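Just so it is clear, none of the values below were taken in a lab; they were calculated from the coordinates. Please read all numbers here as calculations on a predicted model, not as lab measurements. A quick note on method: Cβ atoms are made from the backbone with ideal geometry, for glycine too, and the neighbour counts reach across all protein chains shown.
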Amino acid sequence: MGVPGAGKGTHAAALSEKLRAPQISTGDMLRAAVSAGDPLGREAEGYMNRGELVPDRLVIELVVQRVNEADCTTGFILDGFPRTVGQAKALRAAGVKLDVVLELHVPEAEIIERMTGRRIHPASGRIYHVTRHPPRVAGRDDATGEALMQRPDDAEEIVRKRLADYQAVASALTAYYRQWAASGDPDAPRCLRVDGSGGVATSRTRVFAALGLQ
């Protein structure tokens, strides 16, 4: 868990490599289901094509289907999901067991700096940052020399709104998991809150240490 820009995908990828467990994001999962053309994928595609949110019921079905695939036998990492208490309860009701819920905490000012400084090369998806990972030539992709762009949702006013929207639901979600953990239920996941500020290497060390990994 963590606000947009907290590093969820980055650290999930590192953990996936470390633990040899698949990283599962709902976006990737939905795209894979659509490409596969299975019944759930076709149903999801209808909502996506209309620009609508895919209903929780369908997302949970896809998650359950995904975590029961062979590569998840020894574990999996959910990247940024569940996002709401409703999704968390549905996941629990579906029998998907979680060992750990890890929340990355990053100060708001740092998140705004991270996200507003991002620039992308639209054709390849390569990502730069004006200060943290600048291109060799300002505003130009290293490989092609083509112009970089700022995604509309990385504009400061949009970033601030996304942070506010996240906080409105995240506090309830973290409270739900903490209360469950405090109940003594042996099926409850451990709840960890890790400082995700600073550089990637520094915050990755904190994440690994919190999980007892070298």
*Output the antiparallel fraction of DSSP beta bridges having both residues in the chain, as a percent to the nearest 5.*
40
*Normalised per residue, the volume of the convex hull around the Cα set of the range 122-214 (Å³)*: 160
*From the residues Ala32, Val54, Ala70, which one has its Cα farthest along the dipole of the range 26-73 in the positive direction, the dipole being from +1 and -1 charges on Cβ of Lys/Arg and Asp/Glu about the Cα centre?*
Val54
*Fewest to most neighbouring Cβ within 10 Å: what's the order for His129, His11?*
His129, His11
*Dipole in debye (nearest 20) - the range 26-73, about Cα centre, beta carbon charges: Lys, Arg +1; Asp, Glu -1*: 100
*asked:* What are the ³J(HN,Hα) couplings of the range 42-59, residue after residue, when phi is run through the Karplus curve with 6.51, -1.76, 1.60 and θ = phi - 60°? Round to Hz, x for glycine and proline.
replied: 5, 5, 4, 4, x, 5, 5, 5, 8, x, 9, 5, 6, x, 3, 3, 6, 4
*Normalized C-alpha radius of gyration of the chain, against 2.2 N^0.38 Å?*
1.08
*Please state the charge dipole magnitude for the range 28-154, taken about the Cα centre, from unit charges on C-beta atoms (+1 on K and R, -1 on D and E), reported in debye and rounded to the nearest 20.*
140
_Assigned charges on the beta-carbon of Lys, Arg, Asp, Glu; the chain dipole about Cα centre (debye)_ = 360
*Lys89: which lysines have alpha carbons under 16 Å from its alpha carbon, excluding same-chain residues fewer than 8 sequence positions away?*
Lys97
*Report the local net charge at Tyr166: Lys and Arg +1, Asp and Glu -1, summed over other residues whose C-beta lies under 12 Å from its C-beta.*
+2
*asked:* Just want the answer: with Cβ charges of +1 for Lys and Arg and -1 for Asp and Glu, which residue in Val200, Pro4, Ser124 is farthest toward the dipole's positive end in the chain?
replied: Val200
*Cα to Cα, under 17 Å, and not fewer than 8 places away if on the same chain: which lysines meet these conditions relative to Lys18?*
Lys8
*Search the structure for amide H atoms under 5 Å from the amide H of Asp195, placed 1.01 Å from N in the peptide plane, and list their residues when 5 or more places away or on another chain.*
His105
*Grab the other residues whose beta carbon is less than 10 angstrom from that of Leu91, score K and R as +1, D and E as -1, and report the net.*
+2
_Rounded to the nearest angstrom and ordered from largest down, what semi-axes does the equivalent ellipsoid of the range 92-159 get from its C-alpha gyration tensor (root of 5λ)?_
32, 16, 12
*Using +1 at the Cβ of each Lys and Arg and -1 at the Cβ of each Asp and Glu in the chain, identify which of Pro82, Tyr176, Leu19 lies farthest towards the dipole's positive end.*
Leu19
*the range 22-126: which GluC sites (Glu not before Pro) are DSSP loop and have at most 12 other beta-carbon atoms within 10 angstrom?*
Glu52, Glu69
*Once you have the Kirkwood Rh of the range 26-73 from its Cα pairs, apply Stokes-Einstein at 20 °C and 1.002 mPa s and quote D in µm²/s.*
199
_Amide H of Val101 versus every other amide H placed in the peptide plane: which residues, excluding those fewer than 5 positions away on the same chain, fall under 5 Å?_
Arg190, Cys191, Leu192
*Could you give the spread of the C-alpha atoms of the range 1-87 along their three principal axes, from largest to smallest, in whole angstroms?*
36, 31, 22
